[in-house]
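A short write-up of the structure that comes next.
Taken together, the values in this text are just the output of simple stated rules run on the coordinates, not laboratory data. Just so we're clear, the structure is a prediction, and the values are computed from it rather than from any experiment. Backbone-built Cβ (ideal geometry, glycine too); neighbour counts: all protein chains shown.
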Amino acid sequence: MLEKSSLVTRIAIGITVGFILGLVGFLMLPHVLPDVDLMLRWGFLLWYMTLGAVITVFGVLDWQPVLDLAMPWWIRAPLIAAWMNFVLTLLICHHLRDFSLALFGQDDILTSPFWFVGEGVLVGLIIDFACTRFGGGGPGTGERQHPCRDATGARGRWPQAPSSFGQVS
């Protein structure tokens, strides 16, 4: 892990891992479905990049205040990714059904397009593992030092302007 956690680092790692996973889908789709639309291929690539960014932004939330529960990365990421893939499955159900039939066949249990939700759990785990391992996590990830606070977080005075500020000579 890096010395100081950074939200920007987490997002960069999440988008990169999402890009790699999306690129696998982008390159694999034409081999499974030869007549697949190019827009669907680009959609998968951009979807996984977006999924990586969303999962990593939520990496600063390690506590669920309403339920008063800890939310470690291995619970938080699969929930977010599964939910987002569930919504996507509802939107592109017919495309995923064709993909499932071409990939698994007619009599397989995975002919339902909702296997994509389970795939989201796995992708969420991969993305957030990489982000937490190499970019850190928790509430301190998104914090910056306020210019009016000292290193302990105590309030100080606004920085003073130089004595010659605003004077005309």
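Per residue and in Å³, how big is the convex hull formed by the alpha-carbon atoms of segment 1-88?
On the way: hull volume 9.7 nm³, N = 88.
Dividing the Cα hull volume of segment 1-88 by its residues yields 110 Å³.
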Give me the net charge for the shell around S100: Cβ to Cβ below 14 angstrom, other residues only, Lys and Arg +1, Asp and Glu -1.
-3
Mind ordering 47-60, 71-84, 100-113, 121-134 by average Cβ neighbours within 10 Å, highest first?
47-60, 121-134, 71-84, 100-113
